[in-house]
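J.: Mind looking over this structure? Questions follow.
The values are calculated or read from the model by the stated rules, or taken from the named source; none is laboratory data. Computed from a prediction, not measured in an experiment: that's the story for all the values here. In this analysis, Cβ positions are derived from the backbone assuming ideal geometry, glycine residues included, and neighbour counts consider all displayed protein chains. For accessibility, only protein heavy atoms count, side chains too; no ligands or nucleic acids. Shrake-Rupley method; radii C 1.70, N 1.55, O 1.52, S 1.80 Å.
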Amino acid sequence: MVAALRSFLLSWTSVTPVLGVLVLALAWGRDLGPVFVVLVALALGATVLAAVHHAEVVAHRVGEPFGSLVLAVAVTVIEVALIVTMMVSGGPEAGSLARDTVFAAVMITTNGIVGISLLVGARRYGSTLFNSEGSGAALATVATLATLSLVLPAFTSSTPGPAFSPTQLTFAALASLVLYGTFVLTQTVRHRDFFLPVAADGAVKEDDHADPPSNRAALGSLALLLVALVAVVGLAKVESPAIEAGVRAAGFPQSFVGVVIALLVLLPETLAAVRAAQRDRMQISLNLAYGSAIASIGLTIPAIALASVWLPGQLLLGLGSTQIVLLALTVVVSVLTVVPGRATRLQGGVHLVLLAGFLVLAINP
C-alpha cells in the first residue's frame, strides 16, 4: 500500500499539476520574454494531459455520467471565474467578452468535440452508437439556453444595443439555472440510463476492462484535477498577452483572443472525449461535449448577471447575424446527427467543417 501510494504521488501526472501551479505563481503579473513564454506553453500542455488523466480516473471510479459531469462543471466554474476577472480588468470595453467566450465554447463543444469524436470513433469502428434519447435531451437544453441567453438579446427593444434590460437579464439567469439543474437531475438521477454507452442491441455497455481505482486514488485524482484545471486556466491567462500580440501581428480581430483562450480551456474535455471515442464509448464523448456547453451557458450567464451589478459598462449578450446563422445551422445539423442514434465519418466531417467556418469567420468577420 505504501509503495503504491508513493508511486502515485511521484508519477508525472501527479507532479505536473503542482509544477503548473508553481510556474503560474512565478509567471503571474510579470512581463515574459520569449523563452519564458515557451516554458509556460510547455507547462500548459503538460498540465492539460495530466488533467485528462485524473478526469478519467475519477470518471472510472464514480461511473458515467457522473464522471463527465465532474470534468464539465470543474472546467466551467474556473472558466466563469476567468471571464469575470478579465471583464473587471478590461473595463467597459470588455462588455462583449462573456458573449464571445460562451459562444466560442458552444461552437467548440457542439462542433469541435462532437465532430472529432465522431470521426475518430467511426474511423476505428465503422460507425458509432449512442443513446439518442439522452443526447437529444442534452442538445435541446443547449439550443434553448443558447437562444434565451445569446439570441434574444439581439432582438429585444427595451434596452439599446444587443443587451437585456435588468428584468430580462434576471429572467435569463434564473431560466439558465433552472434548466441546468433540471438537466443534471435528469442525467444523474431520474434517467441516468439515457446517458450511458450502448451496444448495437441497445443494451448498456459495462466497463469491464479494468477494476475501478480505490477511493483514496480517486480522491487524490479529484484534488489533482482541480489543481490542474486552475493551472490550465491561469497559465492560459498568463499566455494571453503573447496570444494577443500574435493575433495583432497576424491582423486578426481582437475578439479572436477569446476563441484561442476557449480552445485552451476546453483542451482537457476534448482529449477526454477523443479517448472515450477510441474505446467505443461515444455516449461519454457526447456527454462531455453537450454537458460542457450546458454548463458553460447555464453557469456563466447567472454568474455574469450577478457580477454585472458591479461591472462597469453595458453587458452585451446578443449575437450578430452571422453568429446566429452559424448557431442555427449547428442546431439543425446536430439534431440530424443525434436522432438516428448512430453516426459515421460523414457526420463528424460536417461538424468539423462547421467549426472551421466559425473559426474562419472569427478571423475574418
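J.: Among 150-161, 172-183, what's the highest-first ranking by average C-beta atoms within 10 angstrom per residue? If you can, show how the numbers build up before the last one.
T.: On the way: 150-161: 14.9, 172-183: 17.6.
Those peptides, ordered most packed to least, come out 172-183, 150-161.
J.: So with the 1.4 Å probe, I'd like the accessible area per residue for the chain, rounded to whole Å².
T.: It amounts to 44 Å² per residue over the chain.
J.: What part of the accessible area of the chain, given as a whole %, is carbon or sulfur when the probe is 1.4 angstrom?
T.: 68
J.: Run the simple label-point estimate for residue 12 and residue 306 please: 7 Å along Cα→C-beta, distance reported in nm.
T.: The answer from the label model is 4.0 nm.
J.: Also, I was wondering about something else. With only Lys, Arg, Asp and Glu charged, each at its Cβ (+1 for the first two, -1 for the last two), find how big the charge dipole of region 207-291 is about the Cα centre; round to the nearest 20 debye.
T.: Working: 6 positive and 7 negative charges, 40 e Å.
Approximately 200 debye in magnitude.
J.: Using the per-residue mean of other Cβ atoms lying within 10 Å as a proxy for protection, in what order, highest first, do the peptides 185-193, 304-312, 30-38 fall?
T.: 304-312, 185-193, 30-38
J.: Which three extents, in whole angstrom, do the alpha-carbon atoms of the chain cover along their principal axes, largest first?
T.: Result for the chain: principal-axis Cα extents of 59, 49, 36 Å.
J.: Ranked highest first by average number of other Cβ atoms within 10 Å, how do 280-286, 135-141, 292-298 line up? Walk me through the intermediate numbers first.
T.: Numbers: 280-286: 26.4, 135-141: 21.6, 292-298: 28.0.
The peptides rank, most packed first, as 292-298, 280-286, 135-141.
J.: Given charges of +1 on the Cβ of Lys and Arg and -1 on the Cβ of Asp and Glu, with all other atoms neutral, how large is the dipole of the chain about its Cα centre, in debye to the nearest 20?
T.: On the way: 17 positive and 17 negative charges, 45 e Å.
So the magnitude is around 220 debye.
J.: Turning to a different aspect of this structure: Write down the radius of gyration of region 231-329 and its Dmax, each obtained from C-alpha positions, in Å.
T.: Computed over the Cα atoms of region 231-329, radius of gyration and Dmax are 16.4, 48 Å.
J.: Let me ask something additional. With a length cut of 18 Å (Cα positions projected on each helix's long axis) and a Kyte-Doolittle mean of at least 0.5, go through the chain and give me the DSSP H helices that pass.
T.: 12-27, 34-62, 66-90, 132-146, 166-185, 215-250, 282-307, 321-338, 345-363
J.: Still on this structure: Of 111, 136, 186, whose Cα points farthest to the positive end of the dipole of region 95-204 (charges on the beta-carbon: +1 Lys, Arg; -1 Asp, Glu; origin at the Cα centre)?
T.: With unit charges placed on the Cβ atoms, the residue in question is 111.
J.: Can you tell me the convex hull volume per residue for region 207-272, based on C-alpha atoms, in Å³ to the nearest whole number? Please list the in-between numbers first.
T.: On the way: hull volume 6.1 nm³, N = 66.
Given the Cα convex hull of region 207-272, per-residue volume reads 93 Å³.
J.: Follow-up. Among 309, 217, 357, pick out the residue whose Cα is farthest towards the positive end of the charge dipole of the chain, where Lys and Arg carry +1 and Asp and Glu carry -1 on C-beta, about the Cα centre.
T.: Ranked along the dipole, the leading option is 217.
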